[in-house]
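Colleague: Following this message is one structure expressed as structure tokens.
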Amino acid sequence: MNTKVSKAIIPAAGFGTRFLPLTKAQPKEMLPVVNKPTIQWVIEEAVDAGITDIAVIISEHKQSIQNHFTLDNKLEGVLLKANKKEELEKIQEVNKLANIEFIIQKEQKGLGHAVLCARDFIGDNPFTVLLGDTICYGSLNCTKALVEIFKKTKKSVFAVEE
């Protein structure tokens, strides 16, 4: 049994109905927390836990998530030409966070279905599921702690909140 957890699934295809009308055109995963979108915080938590390959499950109306993590040659060229090195480095860091694959969920049928959309991506490997609109905070990285527990027990583990 492979005990190295290097893959994650981040379901982010829902309609965000709890935040309407704000989320009609803006995915809730892209709502900013300080200086970056929520989903970037989630991906950074996964990367900090040793995750290298991430499947983000999106719907067709959430292209802004994919755009955020995809190389933008035109923008990079403009920043380079304007000598905005700090801004250029920041967006390049986002592009290099992990190997991120985007999978389109054609019909929203709940969390289980979203996870199932990534079955080919996961194969027989252990994986994590992180919610694209939930930031865990504290002195211990929650995902990293779960990965460590899995390595010891070789059993499924999960975290819940009150």
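Colleague: Suppose each label sits 7 Å from its Cα in the direction of the beta carbon; what would the N35-E93 distance come out to in nanometres?
Modeller: Going from the N35 label point to the E93 one covers 0.7 nm.
Colleague: Give the total of Lys-Lys pairs in segment 47-131 with Cα-Cα distances below 27 Å; include a pair only if its members are 8 or more places apart or on different chains.
Modeller: 13
Colleague: A further question on this structure: Residue-wise, which Karplus ³J(HN,Hα) couplings in Hz belong to segment 15-27, taking 6.51 cos²θ - 1.76 cosθ + 1.60, θ = phi - 60°, and x for glycine or proline?
Modeller: Per residue, the Karplus-derived 3J(HN,Hα) values read 7, x, 5, 5, 10, 5, x, 4, 8, 4, 10, 10, x Hz.
Colleague: Check cross-link reach from K155 to the lysines: straight Cα distance under 25 Å, and skip same-chain residues fewer than eight apart.
Modeller: K155 reaches K4, K7, K144.
Colleague: Determine the relative contact order of segment 1-73: mean sequence separation of Cα pairs under 8 Å and six or more apart, normalised by residue count, in whole percent.
Modeller: Taking the mean separation of contacting Cα pairs over the length of segment 1-73, I get 45 percent.
Colleague: Note down the net charge around E60, summing +1 for each Lys or Arg and -1 for each Asp or Glu among other residues with Cβ under 14 Å from its Cβ.
Modeller: Its environment carries a net charge of +1.
Colleague: Can you list the HN-Hα couplings for segment 106-114, worked out from phi with the Karplus curve (6.51, -1.76, 1.60; θ = phi - 60°), rounded to whole Hz and with x for Gly and Pro?
Modeller: After applying 6.51 cos²θ - 1.76 cosθ + 1.60, I find 5, 9, 7, 10, x, 4, x, 5, 4 Hz.
Colleague: Here's a follow-up. Given an 8 Å cut-off on Cα distances and at least 6 residues of separation, report the relative contact order of segment 8-162 as a percent.
Modeller: 36 percent
Colleague: Next question. For the pair N67/K24, report the inter-label distance in nm, with labels modelled 7 Å from Cα in the Cβ direction.
Modeller: Taking the simple label geometry, N67 and K24 are separated by 1.8 nm.
Colleague: Take L116 and I149, extend 7 Å from each Cα along the Cα→Cβ direction, and tell me the distance between the two endpoints in nm.
Modeller: Distance between the two pseudo-spin positions: 2.6 nm.
Colleague: Oh, and also: So, with +1 on the Cβ of K and R and -1 on the Cβ of D and E, and no other charges, what is the size of the charge dipole of the chain about its Cα centre, to the nearest 20 debye?
Modeller: Dipole about the Cα centre, nearest 20: 160 debye.
Colleague: Let me ask something else. What number, rounded to the nearest 500 deg cm²/dmol, is the helix-based mean residue ellipticity at 222 nm of the chain, given -39500 (n - 2.57) per DSSP H run of at least four residues and division by all its residues?
Modeller: -10000 deg cm²/dmol
Colleague: Would you please give the residues with an amide H less than 5 Å from that of A8, counting only those at least 5 places away or on a separate chain, with H modeled from the backbone geometry?
Modeller: D53, I54, A55, T128
Colleague: Which loop GluC sites (Glu not before Pro) in segment 1-107, with loop taken from DSSP, have no more than 10 other Cβ atoms within 10 angstrom of their Cβ?
Modeller: Here the sparse-neighbourhood loop sites are E107.
Colleague: In the chain, what percent of the accessible surface is made up of carbon and sulfur (1.4 Å probe, ligands and nucleic acids excluded)?
Modeller: Details: 5660 of 10370 Å².
Of the solvent-accessible surface of the chain, carbon and sulfur hold 55 percent.
Colleague: Please identify every one of the chymotrypsin sites (Phe, Trp or Tyr not before Pro) in segment 1-77 that sits in a loop by DSSP and has no more than 16 other beta carbons within 10 Å of its own beta carbon.
Modeller: Filter output for segment 1-77: F15.
Colleague: Just the Kirkwood number for segment 21-74, please: inverse of mean 1/r across all distinct Cα pairs, in Å, one decimal. Kindly include the intermediate steps, with their values, before the conclusion.
Modeller: Values: mean 1/r = 0.0814 Å⁻¹.
Over segment 21-74, the inverse of the mean reciprocal pair distance is 12.3 Å.
Colleague: Suppose all protein chains stay in the model; what accessible area per residue would a 1.4 Å probe give for the chain, in Å²?
Modeller: Accessible surface, normalised per residue, equals 64 Å².
The values are calculated or read from the model by the stated rules, or taken from the named source; none is laboratory data. Computed from a prediction, not measured in an experiment: that's the story for all the values here. Neighbour counts are summed over all protein chains in view; Cβ atoms, including those assigned to glycine, are modelled from backbone coordinates with ideal geometry. Calculation scope for accessible area: heavy atoms of the full protein, side chains included, ligands and nucleic acids excluded. Shrake-Rupley method; radii C 1.70, N 1.55, O 1.52, S 1.80 Å.
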